[in-house]
Each structure stands twice: as structure tokens, then as C-alpha cells.
Amino acid sequence: MSDSTNQGTLRGRGAVVTGSTSGIGLGIARRLASQGADIVINGLGDAAAIEKERAAIEADFGVRCFYSPANMLNGEEIAGMIAFAEDKIGGCDILVNNAGIQFVAPIDEFPDDKWQQIIQINLVASFHSIKAALPGMKARGWGRIINIGSAHALVASPFKSAYVAAKHGIAGLTKTVALEVATQKITVNAICPGYVWTPLVEAQIPDTMKARGMSKEQVINDVMLEAQPSKEFVTIEQVAGMAAYLCSDDAAPVTGAMMSIDGGWMAH
Ligand code: NAD
């Protein structure tokens, strides 16, 4: 739960958080709800588990929360998710493009379908959601678009060609849209986390072990935390706090920014 002094600052706002059935997205959805925003959650997963998370957001924070099953591979479903938010929670004032997948392999062995899916979910989906959400934000004269980038939006690591390409694309998309709407009280930023301990990170350990011929401990300490000078994983709560800041009035002049939260990775 967030600091009680922050509660209520987003009352009356509607937030759509893609990929919020797990990990960082769920943490952001819960943080925005704790500040009073009504929420549309989205993502894949077991229906009963999703319903449990949805109901918990309503019960814990006294807001309205709905679930959209839109698949980020499908532009029409993404536009439908934004229309659903307009219908159910009065609009998408806050859009958090968070859904993402990862695949780790040398490029000459990289499966074509994995490349396409990563580009679609981690980059193209944000084009569709922003395109659908902006007219409502412009009409209401306020908006916050938060794209979950990555340290890999700013620098590369080997064996992650599709992910790094998509996240660098997110950096370009963020800056471009920020310029397009800069006079309209709509901000567009990217949060660029280093390694955050989530199911996405845990799942890439076996492939990284294979690609680099390493043990699990070596992957954690010599690959992941090697890049992170703090030698600590970032927490979901810390990323959610940065998203909440970007929704605040204090952050009104922050736009087009790549917000690093990575234990010093970008200082290398
Ligand atoms: P996660 O695997 O825990 O969650 C990913 C979410 O995306 C899930 O809710 C999943 O259902 C959803 N999703 C996947 N494919 C989808 C699809 N086709 N349609 C709709 N939803 C879909 O991952 P996470 O670590 O919380 O990652 C969230 C975001 O943060 C991603 O964009 C990721 O690239 C980024 N990120 C993560 C880290 C990290 O270390 N975990 C670091 C930097 C950036």
C-alpha cells in the first residue's frame, strides 16, 4: 500500500495498464488504484487468478477495476481496450504501455516468429494504444502516457536483438509523441528499469544459461547484476512509485524523458 498522504490524488482519473496481470504492470495498476484512479487491467493468464487480482484492487482501494483481455498482438483489440475504458471508467487519462515479452538467443539462431512477436507486443502495440487513447486525452485536456522501456531502450546486451530493437523503438516513439502533444497538457515518458525481479526475468535465466554456457548463479551475478552497479534488483514497488510520480502535478513539465531506474547502469 502506498503512503496514505498520496491517496486520492488520482481520484476521477481512469488508467489503462497493459500487461497488468503480473509483475511490474500489476504493481503499477495497484499503485495508481491506491491513489484513487479507476483501472482497466489487461494481460494473459488464468481467468480465476486474474479475477482475484481485479477484485482485490476494488476491495483494497475502493476504486472501480475492469479486465480487458485484449491481445497486444492485435491492433483492433487494443483499440477496443481503449474504447472499453472510455465506456467503463470514463476514459483513458493514464495509459501505461507495459506488456512485454523477452526471448534470448544469438541472432543467427533467433526464431522468426519470436522476433515478430517481440516487435509487435513490445513496440507496435504501443503505437495502437497511443493512437486510440490520444483523442480522449486531447478532448479532456489532460493525459499521461507512460511507456515501460528498459535499460535496453538506451544500451544493448548481446543475444537480445529483438528486445533491444523494440525498446530502442519505444524510446523514439516516446520522444516523438511527447513533441506532438507538448502544448496539450499530455506528457509522454518512458521508464527505463534495469533488472527487476519478476516472472519475465526469472524465465530468461535458463535460455541465458544455455546461450552463455553458465550456471544460474553465474547468470544472476555475472550477467544481470554485473550490469547493475548497485548489485541489487530494482523492486516492482520502486518502478510503480516512478509511474505514480509521472502522473503527479509535479511531473507536468517532465515529458519526452527516459527515466532510468537501474542502480547506476547508465553511468557505465
Ligand atoms: P511479466 O512477464 O511479469 O509481465 C508481462 C505482462 O505482459 C503479463 O501481464 C503478461 O500477461 C502480459 N503480456 C504478455 N504478452 C501479452 C499479449 N500478447 N497481450 C497482452 N498482454 C501480454 O514481465 P515484467 O518483468 O513485469 O515486464 C513488464 C514490462 O517491463 C515489459 O515491457 C518489460 O520489457 C519491462 N521491463 C522489465 C524488466 C525486468 O527486469 N523485469 C526490466 C526492464 C523492463
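As a test of understanding, state the convex hull volume per residue of the range 192-268 from its alpha carbons, in Å³. Kindly include the intermediate steps, with their values, before the conclusion.
On the way: hull volume 8.1 nm³, N = 77.
Spread over its residues, the Cα hull of the range 192-268 gives 105 Å³ apiece.
Under 8 Å for C-alpha pairs, at least 6 residues apart: give me the relative contact order for the range 145-246, rounded to a whole percent.
28
Semi-axes of the chain's equivalent ellipsoid from the Cα gyration tensor, sqrt of 5 times each eigenvalue, largest first, rounded to whole Å?
Working from the Cα gyration tensor, I get semi-axes of 29, 19, 19 Å.
List the residues, sorted by chain then number, that are 5 or more residues from ILE39 or on another chain and whose placed amide H is less than 5 Å from its amide H.
For ILE39, whose amide H was placed from the backbone, the distant partners under 5 Å are ALA15, ARG64, CYS65, PHE66.
Applying the Karplus parametrisation 6.51 cos²θ - 1.76 cosθ + 1.60 with θ = phi - 60° to the phi angles of the range 252-265, what ³J(HN,Hα) value in whole Hz is obtained for each residue in order, glycine and proline being reported as x?
Going residue by residue, I get 3, x, 8, 8, x, 8, 9, 8, 6, 9, 8, x, x, 3 Hz, with x marking Gly and Pro.
Percent relative contact order of the chain, based on C-alpha pairs within less than 8 angstrom and at least six residues apart?
For the chain, the relative contact order is 18 percent.
Can you give the Kirkwood hydrodynamic radius for the range 91-208, in Å, rounded to one decimal and based on Cα pairs?
It is 14.9 Å.
Among the trypsin sites (Lys or Arg not before Pro) in the range 3-77, which ones are in a DSSP loop with at most 14 other Cβ atoms within 10 Å of the Cβ? Mind listing them?
On the way: sites: ARG11, ARG13, ARG30, ARG31, LYS52, ARG54, ARG64; in loops: ARG11, ARG13, ARG64.
Listed in order of number, the matching sites are ARG11.
Among ALA227, ALA162, ALA47, determine the one that fluctuates most according to a GNM of the chain built with springs between C-alpha atoms less than 10 Å apart.
Top of the fluctuation ranking is ALA47.
Where the only charges are on Cβ atoms (+1 Lys, Arg; -1 Asp, Glu), what is the dipole of the range 91-223 about its Cα centre, to the nearest 20 debye?
Result for the range 91-223 is approximately 600 debye, rounded to the nearest 20.
Out of THR176, THR187, THR208, any idea which swings most in a Gaussian network model of the chain, alpha carbons joined below 10 Å?
THR176
Express the accessible area of the range 106-252 per residue in Å², computed with a 1.4 Å probe while the remaining protein chains stay in the model.
Numbers: 6630 Å² over 147 residues.
Normalised by residue count, the accessible surface of the range 106-252 is 45 Å².
Ignoring solvent entirely, what values of log10 I(q)/I(0) come out of the Debye formula for the range 138-268 at 0.09, 0.12, 0.19, 0.23 Å⁻¹ when each Cα is a single scatterer?
-0.30, -0.51, -1.06, -1.38
Could you run the Karplus curve 6.51 cos²θ - 1.76 cosθ + 1.60 with θ = phi - 60° over the range 199-210 and give me ³J(HN,Hα) per residue in whole Hz, x for Gly and Pro?
x, 4, 6, 4, 6, 8, 5, x, 5, 5, 4, 5
Treating only the Cβ atoms of Lys and Arg (+1) and Asp and Glu (-1) as charged, compute the dipole magnitude of the chain about its Cα centre; round to the nearest 20 debye.
Computed charge dipole of the chain: roughly 560 debye.
Keeping the other protein chains in place, figure out the carbon and sulfur percent of the accessible area of the chain, with a 1.4 Å probe.
Reported share for carbon and sulfur atoms: 54 percent.
What's the magnitude of the charge dipole for the range 1-127 around its Cα centre, counting Lys and Arg as +1 and Asp and Glu as -1 at the beta-carbon? Answer in Debye, nearest 20.
Here the size comes out at about 520 debye.
Using the Karplus equation 6.51 cos²θ - 1.76 cosθ + 1.60 (θ = phi - 60°), what ³J(HN,Hα) coupling, rounded to whole Hz, does each residue of the range 128-138 give in order, writing x for Gly and Pro?
Karplus-based 3J(HN,Hα) across the range 128-138 equals 5, 5, 5, 4, 6, 8, 4, x, x, 4, 4 Hz.
Can you tell which of VAL155, VAL40, VAL196 shows the greatest fluctuation in a Gaussian network model of the chain with Cα springs below 10 Å?
In the Gaussian network model the winner is VAL155.
The values are calculated or read from the model by the stated rules, or taken from the named source; none is laboratory data. Everything quoted here is computed from the prediction, not taken from an experiment. We place every Cβ from the backbone using ideal geometry, glycine too, and count neighbours over all the protein chains shown. Note: areas computed on protein heavy atoms with side chains; ligands, DNA, RNA excluded. Shrake-Rupley method; radii C 1.70, N 1.55, O 1.52, S 1.80 Å.
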